[in-house]
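All remarks here apply to the structure that follows.
Since every read-out is calculated from the coordinates, none of them should be taken as a lab result. Bear in mind the structure is a predicted one, so any value in this text is a computation, not a measurement. Backbone-built Cβ (ideal geometry, glycine too); neighbour counts: all protein chains shown.
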Amino acid sequence: MTKICVSGSSGKMGSRIVDLAKEDPDLKVCGAFDAIEENPEQFIESTDCLIEFTTPQATIEHLALCEKHKKAMVIGTTGLSDDQRSKIEAASANIPIAFSPNMSIGVNLLFKIVKDAAKVLGQDYNAEIVEAHHVHKKDAPSGTAKEIARVIKEARGGADVPIESIREGETVGEHTVTFESNVDLIEITHSAKTRDIFAKGALQAAKFVAGKKKGLFTMKEVLGL
């Protein structure tokens, strides 16, 4: 059984992670706290893996505690700076970390599909990304959209891929990738119905990473894609 601790447990994502974990016989929730908790170390000490969906600052503070106590981490926090990402990469030399801009199983399959499409279509097709989220989301473009753009650029080379960001209503998350030529249009869309898809992916990642000694992993490794 994997013991997990959830940071940001009163938030929309954190609360769903806690609820779904309690339904999983292979998981035990041994701690849950908010990002502003005065003493998160007491919870981190008792866990196998900390699941982190909070703010960049809180994530880096908790990263240091996990490294101190040799605990695994699942990081789904978005809006991280390059320096903060570098700190996560450095810490992975000592502890196992699953880090992904999107924990959804479907979205990570989308990354693979988009990569294959970009390789086949190449520069003959113009690629564009449109992403839509709820009005409360602070970062734009989304981390997922940035990752899709990176995947396309890496797969075919060439210029950066333009991203349009929409913030309206309570949209959970939608990403549409288009490849357009003079003769046809290919459109690939993933639309999240509820936040449970991210929570389930995070729990799957926790089970995976808790069994590792160290290293930086993505959902690609977790899902075997």
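Evaluated with a Cβ-only charge set (Lys, Arg +1; Asp, Glu -1), the chain carries a dipole of roughly 740 debye about its Cα centre, given to the nearest 20.
Electrostatic bookkeeping for D196 treats Lys and Arg as +1 and Asp and Glu as -1; over the other residues with beta carbon under 13 Å from its beta carbon, the sum is +2.
Within the chain, which whole H helices from DSSP have a Cα span along their axis of at least 15 Å and a mean Kyte-Doolittle hydropathy of -0.5 or more, if any? List each step's numbers first, then the result.
On the way: long enough: 12-22 (16 Å, -0.07); 56-69 (20 Å, -0.35); 105-121 (24 Å, 1.19); 143-156 (20 Å, -0.45); 196-209 (19 Å, 0.72).
The answer, listed by residue number, is 12-22, 56-69, 105-121, 143-156, 196-209.
Of interest is the spacing of the C-alpha centroids, which for region 158-176 and region 52-94 amounts to 25 Å. Around the Cα centre of region 1-131, unit charges on the Cβ atoms of Lys, Arg, Asp and Glu (plus for the first two, minus for the last two) sum to a dipole of about 320 debye. Here D139, D82 are placed in order of increasing Cβ neighbour count within 10 Å, fewest first, which gives D82, D139. For K68, the lysines whose Cα comes closer than 19 Å to its Cα, not counting residues fewer than 8 places off in the same chain, are K3, K87, K212, K213, K214.
Specify the longest stretch of the chain that does not include any exposed loop site, a site being one of the GluC sites (Glu not before Pro) with a non-H, G, I, E, B DSSP assignment and at most 12 other Cβ atoms within 10 Å. Don't jump to the answer; show the numbers that get you there.
Numbers: sites that count: E23, E38, E168, E170.
The longest such stretch corresponds to 39-167.
Indicate, rounded to the nearest 5 percent, the antiparallel portion of the DSSP beta bridges found entirely in the chain. Provide the component values of the computation, followed by the final result.
Working: 14 of 39 bridges.
Roughly 35 percent of the DSSP beta bridges within the chain come out antiparallel.
Taking N as the residue count of region 105-191, its C-alpha radius of gyration divided by 2.2 N^0.38 Å amounts to 1.06. Which entry in (1) 18.6, 61; (2) 17.9, 61; (3) 15.8, 48 matches Rg and Dmax of the Cα atoms in Å derived from the coordinates of this structure? Computed from the coordinates, Rg and Dmax of the Cα atoms in Å corresponds to (2). If I take R0 = 30 Å and measure r between the Cβ atoms of L185 and S165 in this structure, what FRET efficiency does the formula 1/(1 + (r/R0)^6) give, to the nearest 0.05? In this case the efficiency is close to 0.90.
Any chance you could count the Lys pairs in region 105-191 whose alpha carbons are under 21 Å apart, treating pairs 8 or more apart or on different chains as valid? Don't skip to the answer; put the middle values down first.
Details: K112/K146; K112/K153; K115/K146; K115/K153; K119/K146; K119/K153; K137/K146; K138/K146.
Here the count comes out as 8.
In terms of its C-alpha gyration tensor, region 17-115 has an oblate overall shape, because the principal axis ratio a/c (a ≥ b ≥ c, square roots of the eigenvalues) is not below 1.5 and a/b does not outweigh b/c.
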